[in-house]
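I have placed the structure first, in the form of structure tokens, so that the comments after it can refer back to it.
Laboratory data are not the source of any read-out in this text; all were calculated from the coordinates shown. Not measured: the values here are computed from a predicted model. With ideal geometry, Cβ positions are generated from the backbone for all residues, glycine too; neighbour counts draw on all protein chains shown.
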Amino acid sequence: MLAAMSSEPEQQIGVGTPDAFQRLWTPHRMAYIQGEGKPTGPGSGDGCPFCAIPGKSDEDGLIITRGESVYAVLNLYPYNGGHLLVVPYRHVADYTDLDAAETLELAELTKRAMTAIRRASGAHGFNIGLNQGSAAGAGIAPHLHQHVVPRWGGDANFMPVVGHTKVLPQLLADTRRMLAAAWPGAEERPAADRPAAD
């Protein structure tokens, strides 16, 4: 029995042999596991969420900021709090498909994302990367997106390592507001969300 546990484990009928483990139920993750919301085909009109998100308000789409060619949006299934994606508006699957302006702005928004996350949460480091194709782990392979994942010393605790569960301390809407306020240049933008893109 773990010393930190305050009571005996509860026996639950029909769940197998009782043990000392407690369970953290996360049924919302089933949407991710089953692929809910993933595109049904390779085209931009085939249910691509990254094509649909810019048509929503910043709050509804969890958009942090919009650029000319790319935008930054929170990951619905974050590895860590503040995990965001930098996404081109154009529906392209491969990094080599980006034009020069898209490549430049993707890099610039990635730098600004790091600055905003450091301001808002004091991140110690980052994992930044592109998963190219489903074989490389891309959850939505038909639409390129770069991950910006904040990291802190000691953030790989027992929950993800042993329990395969990530505990996130903040709701996505609150994280979006915090990062949008910390975004470089946010003080020059109007307080209200920008209107949805056409």
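Output ³J(HN,Hα) for the stretch 99-106: one whole-Hz value per residue in order, computed from phi by the Karplus curve 6.51 cos²θ - 1.76 cosθ + 1.60 with θ = phi - 60°, and x for Gly and Pro.
7, 4, 5, 5, 4, 5, 6, 4
Of SER121, LEU76, TYR89, whose Cα points farthest to the positive end of the dipole of the stretch 61-145 (charges on the beta-carbon: +1 Lys, Arg; -1 Asp, Glu; origin at the Cα centre)?
Sorting the options by dipole projection puts first SER121.
Restricting attention to the stretch 96-154, which GluC sites (Glu not before Pro) occupy a DSSP loop and are surrounded by at most 11 other Cβ atoms within 10 Å?
none
Out of the stretch 66-134, which chymotrypsin sites (Phe, Trp or Tyr not before Pro) are coil in DSSP terms and have no more than 12 other C-beta atoms within 10 Å?
Of the chymotrypsin sites (Phe, Trp or Tyr not before Pro), not one in the loops of the stretch 66-134 has a Cβ with at most 12 other Cβ atoms within 10 Å.
Which semi-axis lengths, in whole Å and largest first, follow from the square roots of five times the eigenvalues of the Cα gyration tensor of the stretch 63-122?
Its equivalent ellipsoid spans semi-axes of 21, 13, 9 Å.
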